[in-house]
Amino acid sequence: MSEVVELAQQLIRYDTTNAGDDGTDGDERAAAEFVAERLADAGLQPVYLESAPRRGNVVVRLPGADPSRGALLVHSHLDVVPADASGWSVPPFAGEIRDGYLWGRGAIDMKHMVAMSVAVARRCRREGIVPPRDVVFAFLADEEAGGTRGAGWLIDHHRDLFDGVTEAVGEVGGFSYTVRDDVRAYLVETAEKGSMWLRLKVHGTPGHGSMLHTDNPVAKLTTALARLEQHRFPLVLHPAVEDFLTGVAELTGTPFDPADPEAAVARLGSLSRLIGAALRDTANTTILAAGHKANVVPSTAEATVDGRMLPGRERAFERELAEILGPDVELVHDQLPPVATSFDGRLVDAMAGAVEAEDPGARLLPYMLSAGTDAKHFQRLGIRHFGFTPLRLPPDLDFTALFHGRDERVPLAALEFGERVLTRLLRTC
């Protein structure tokens, strides 16, 4: 078994479930200590820090040949979302290897990158590889709940760990998409939508469930949510999405009409869910709560809505939400900003070279992620971010469905491919 596969298997076996949306219900300590031990064994000097009891983070710096150049941050997160074992083919925290895949919660979100990063750092130390600039590896807690106990906390309390960092690579990107025959594009995230978690509340008049009621908060809230469900936010073609669709069109020979991006997205197969969500803002109800007894009309009803807005649409998104929901709905929210950068520069060239060396003829394409990552925190330091966790995937694997889904798994060959690509990247970054 290769080192990177063994590392990923061991990491999956640590249950680092982060179930709390407020960032308080998680436990990354054992996994973080495992990472720190493996780094220390290789002669590195990792820093282990807890933002709260058992919320472990690890940061280590690999010195480069030219410390005057801006450092590169390579970050990944240790926490995972909950997994209901009853719906899985294998126990989600067993780290089972079957049919050429490593199965388990976190296999692609994102203990695969944790394992690849540890393996690459150890290899650099073992083989005397000195990157052209400093490389900072960060293994973080709490990304699945917004990163306030991980990246956000480190930036607030230990900013010096990231001194000199100008660029970063992290999730979600670097994975292959087979466009035709044996031609693959590798998606690199250059933008991601902003996140807004909305807490809605409606007041009404409580009373006996057998009476006539015209001020039922449950009815008022569900009516407002139905309006939200039926609303279509305006289509906006962001440059990252346009560049991706243009690139796919060039590789496939299928014309792309910028006036009708939805037609191009519909031709992407399983990838259409990911790219289609980057064409407009979205708002989906995720939690609904009201009442405590069958024959009592409650005084309040509450809901949680997961809102995602395109770069530049923050204020317009808030205005539209208020108009759709109406004056009866109280609205408070937590918000993380969108992220965007251009697809150019020395680091992009290095990523392209590293991928092409392992997969000749491959092409890198930028895209926009509809979800959020710890890049939202690191951009507070002026760090330019790319989603790049390289994996060469089988063409029939519905990769995007594995995120937060059942039977999460990663091909063993993809893990080994990713380690090789990252090693090449650090040689030339």
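A few points about this structure:
- Across 220/293; 201/293; 201/376, pairs whose alpha-carbon gap is larger than 24 Å: 201/376
- Relative contact order of the chain: 24 percent, from C-alpha pairs under 8 Å at least 6 residues apart in sequence.
- Positive-end residue of 252, 216, 311, charge dipole of the range 191-336 with Cβ unit charges: 216
- Computed from Cα atoms alone, the Kirkwood hydrodynamic radius reported for the range 1-92 is 15.2 Å.
- Percent of C-alpha pairs per 10 Å bin, the range 374-429, short to long: 19, 36, 34, 10
- Against the main long axis of the alpha-carbon atoms of the chain, helix 111-127 sits at an angle near 20°.
- Fewest-first ranking of 133, 159, 420, using other Cβ atoms within 10 Å as the exposure measure: 159, 420, 133
- Near the amide H of residue 56, within less than 5 Å, lie the amide hydrogens of 28, 29, all on another chain or at least 5 residues away, with H placed in the peptide plane.
- Choice from 209, 87, 418 showing the highest fluctuation, given a GNM over the chain with Cα pairs closer than 10 Å: 209
- Long-range amide H partners of residue 80 with built H, under 5 Å: 16, 17, 18
- Full extension of the segment from residue 127 to residue 211, taken as 0.36 nm per residue of separation minus the current Cα-Cα distance, would add 22.4 nm.
- Shape metrics for the range 22-158, restricted to C-alpha atoms - Rg then Dmax, Å: 15.9, 53
- Applied to the range 188-205, the Karplus parametrisation 6.51 cos²θ - 1.76 cosθ + 1.60 on θ = phi - 60° returns per-residue 3J(HN,Hα) values of 10, 6, 10, 8, 8, 5, x, 10, 9, 9, 9, 10, 9, 9, 10, 9, x, 9 Hz, with x for Gly and Pro.
- Rounded to whole Hz, the Karplus (6.51, -1.76, 1.60) HN-Hα couplings of the range 263-270, x for glycine and proline: 5, 5, 5, 4, 8, 8, x, 5
- FRET E, pair residue 99, residue 182, Förster distance 25 Å, beta-carbon r, rounded to 0.05: 0.70
- Structural size metrics of the chain, computed from C-alpha coordinates, are Rg and Dmax of 22.6, 79 Å.
- Working from label points 7 Å from Cα in the Cα-to-Cβ sense, the residue 85 to residue 322 distance is 4.8 nm.
- Cβ crowding within 10 Å ranks 220, 111, 193, 293 as 293, 220, 193, 111, fewest other Cβ atoms first.
- Less than 5 angstrom separates the built amide H of residue 102 from those of 410, 412, all sequence-distant by 5 or more or on a different chain.
- Table column - 3J(HN,Hα) (Hz), the range 41-50, Karplus curve with 6.51, -1.76, 1.60, x for Gly and Pro: 4, 8, x, 8, 10, x, 9, 9, 9, 10
- Once the mean of 1/r is taken over each pair of separate Cα atoms and inverted, the range 135-209 shows a Kirkwood hydrodynamic radius of 17.0 Å.
- Calculated FRET efficiency for the pair residue 352/residue 401, C-beta based, R₀ 22 Å, to 0.05: 0.20
- Among the GluC sites (Glu not before Pro) within the range 22-121, not one is in coil by DSSP while having at most 14 neighbouring Cβ atoms inside 10 Å.
- Size of electric dipole in the chain: Cβ of Lys, Arg +1 and of Asp, Glu -1, about Cα centre, debye, nearest 20: 300 debye
- Residue 231 versus residue 315: modelled label distance in nm, points set 7 Å from Cα along the beta carbon direction: 1.8 nm
- Dipole magnitude of the range 3-94 about its Cα centre (Cβ charges: Lys, Arg +1; Asp, Glu -1), debye to nearest 20: 320 debye
- When DSSP beta bridges are restricted to pairs lying wholly in the chain, around 70% turn out antiparallel.
- At 0.890 mPa s and 25 °C, Stokes diffusion of the range 285-429 via Kirkwood alpha-carbon radius, µm² per second: 126 µm²/s
Computed from the coordinates by the stated procedures, all read-outs in this text should not be read as laboratory data. Being a predicted model, the structure only gives us computed values, none of them experimental. Here the Cβ is made from the backbone with ideal geometry for all residues, glycine too, and neighbour counts use every protein chain on show.
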